[in-house]
Amino acid sequence: MEQKEKKQTVFSLIQPTGTPTLGNYLGALKNWANMSDEYDCLFGIADLHSITVPDFREKPAQLRKNTRELYALLLALGLSPDKNTLFVQSHVAAHSQLAWILNCYTQFGEASRMTQFKDKSAKHKDNITVGLFAYPTLMAADILLYNASYVPIGQDQKQHLELARNIAERFNAIYGELFTVPKPLIGKTGAKVMSLTEPLKKMSKSDENEKSYITLLDEPSSIVKKIKSAVTDSESEVLYREGKDGINNLIIMYSACTGQSIKEIENEFSGKGYGAFKSAVADAVVKELMPIKERYNQYIADKEYLDKCMRENAEKAAVRSQRTLNKVMKKVGFLQI
Ligand code: TYM
C-alpha cells in the first residue's frame, strides 16, 4: 500500500508595524501563498515583536488596528485560513513561554552580535529595552514550537534564523532530538528590495520618507509617482551592474513581478532609456498589487469573519505549540503535575 508522506512544515511571521511594503511582499509574502499545496504551512502576525521598539509601544489602538488590517491582507494574498494555520502570535501563549526558556540558553554575546539589534538600538539610543535584545529568541521560539523545516524570509532575517538554528542544535545536544533545525528559504529575486530614495538601504515600512517605499495598498497613481521619482544614476542604459543600485533595484522588482530574467529585461529595454523602463516597472507593480487591494477591501469590511478566522486558527496553533512546549518543559526539569 502506498504510504502517504507527511508534509514538511513551513513557518513565517510578519510584524504589524504598518502596511507591508513591496519589499515584504517580494521578499516573503509572495512566496507564502504558493507553498500551502506542498507544505504544512503556518503563517501569521508577530505582534509581540512589535512592542520591542518605541513606535508601537503605548499605542494600543494603533496596534489593534494594524493587526486586524494585516490579517485581512494575508487573506487577500490568497492564504486560505483552512488550508494553512493563519494566526496572531499573541493569541498563542506558548510563544512567550518558550521564549523565556530559550533566553536562558542563549548567550549575551551572541544576542549582542545581531545586526538588527545594533541598528535598532542606534536608532533609539535612549530607549533600548530588554525586549529588543531578546527579540531573536522570541523569533526562535516561534519557529521551534512547530518544528518547522523551512522559514521563508528576506535576507535581513537570515542572521536571526541562524541563531534559531544554533539554539535548536544546542538544545538537541543537551536533551536529545527535540527540535527540528530550521532552514531559511530565501528567494533568488526580491530577497532584498531596496529603498527607492536611498538604494543602499533596504525598503522598510518604518522609513520616515514615504517616497522610499511602496505599500501593498498604495493607490496606482502613488505607485507610478514613487517609481518615476526613484533615484537612479546619470547613465541611461538599463543594465544590472555593480554600482547601479537604483536601476538594479528596479530590475529586481520588474523581474519579481513579471517572472522575466535579468538578461531578458536588459534586452527588452536596450536603448530605450530609464523613462520607458520606469513606466514599465510601475505598470508591472500596479498590475501585481491591484487584485490584492481589491480583495483586501472586501475582507476588511467583514470584521466578524476576520475574528472567527483568527479565533479558530489561534486554537489550531495553540494545540500544536502546546505539545512542543510540554515536551520542552519536561526535558528541562519543570515538575509535572
Ligand atoms: P518583518 O515584519 O520585518 O518582515 C516580514 C518579512 O519581509 C521580509 N522583508 C524584506 N524582504 C525583501 N526586501 C525587503 N526590503 C524586506 N523587508 C522585509 C523580512 O525578511 C520578513 O521575511 N522578525 C520578523 C518577523 C518574525 C518571523 C518570526 C519571521 C517573527 N517571528 C519567525 C519568520 C519566522 C520581522 O520582523 O519581519
Notebook entry, point to check: Applying the Karplus parametrisation 6.51 cos²θ - 1.76 cosθ + 1.60 with θ = phi - 60° to the phi angles of the stretch 266-283, what ³J(HN,Hα) value in whole Hz is obtained for each residue in order, glycine and proline being reported as x?
Noted result: 4, 5, 4, 9, 4, x, 8, x, 6, x, 5, 5, 4, 4, 5, 4, 4, 4
Item checked: Exceeding the 20 Å Cα-Cα cut-off - candidates LYS205/LYS316; LYS158/LYS316; LYS192/LYS226; LYS158/LYS201; LYS125/LYS158; LYS30/LYS192 -> LYS205/LYS316; LYS158/LYS316; LYS125/LYS158
Next item on the list: Bin width 10 Å, alpha-carbon pairs only: give the P(r) of the chain as whole percents, running from 0 to the bin holding the largest distance.
Entry: 5, 24, 32, 24, 11, 3, 0, 0
Checklist line | Share, in percent, of DSSP beta bridges within the chain that are antiparallel, nearest 5 | finding: 10 percent
Margin query: Can you show me the helix-derived [θ] at 222 nm for the chain, built from DSSP H runs with n ≥ 4 at -39,500 (n - 2.57) apiece and divided by the number of residues, rounded to the nearest 500.
Written below: -16000 deg cm²/dmol
Notebook entry, point to check: How big is the stretch 175-262 in terms of Cα radius of gyration and Dmax, in angstroms?
Noted result: 16.5, 60
Notebook entry, point to check: From the backbone phi of the stretch 295-309, what are the Karplus-calculated ³J(HN,Hα) couplings (6.51 cos²θ - 1.76 cosθ + 1.60, θ = phi - 60°) in whole Hz, Gly and Pro given as x?
Noted result: 5, 4, 4, 6, 5, 5, 7, 10, 4, 4, 5, 4, 5, 5, 4
Note to self: Skipping prolines and chain starts, which residues have an amide H placed within reach, meaning under 5 Å, of the one on ILE14, given they are 5 or more residues away or on another chain?
What the structure shows: GLY44, ILE45, ALA46
Check: Relative contact order for the chain: what is it in percent, counting Cα pairs under 8 Å that are at least 6 residues apart?
Finding: 22 percent
Checklist line | Among GLY23, GLY275, GLY44: highest mean-square fluctuation, GNM of the chain, C-alpha pairs under 10 Å | finding: GLY275
Note to self: Report D for the stretch 210-298 in µm² per second (integer): Stokes-Einstein, Kirkwood Rh on Cα pairs, 20 °C, 1.002 mPa s.
What the structure shows: 159 µm²/s
Next item on the list: Quote the Stokes-Einstein diffusion coefficient, in whole µm² s⁻¹, for the stretch 1-160, based on the Kirkwood radius over alpha carbon pairs, a temperature of 10 °C and a viscosity of 1.306 mPa s.
Entry: 95 µm²/s
Item checked: Other-chain or far-sequence residues with amide H under 5 Å of GLN8's (modelled H) -> ASP40
Item checked: the stretch 210-298: relative contact order in percent, alpha carbon pairs under 8 Å with at least 6 residues between -> 35 percent
Next item on the list: Could you look at the stretch 210-298 and say what percent of its accessible area is carbon and sulfur, using a 1.4 Å probe and all protein chains?
Entry: 49 percent
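The values are calculated or read from the model by the stated rules, or taken from the named source; none is laboratory data. Since the model is a prediction, treat every value here as computed from it, not as a measurement. Note: accessible area is taken over every heavy atom of the protein model, side chains too, but ligands, DNA and RNA are not part of it. Shrake-Rupley method; radii C 1.70, N 1.55, O 1.52, S 1.80 Å.
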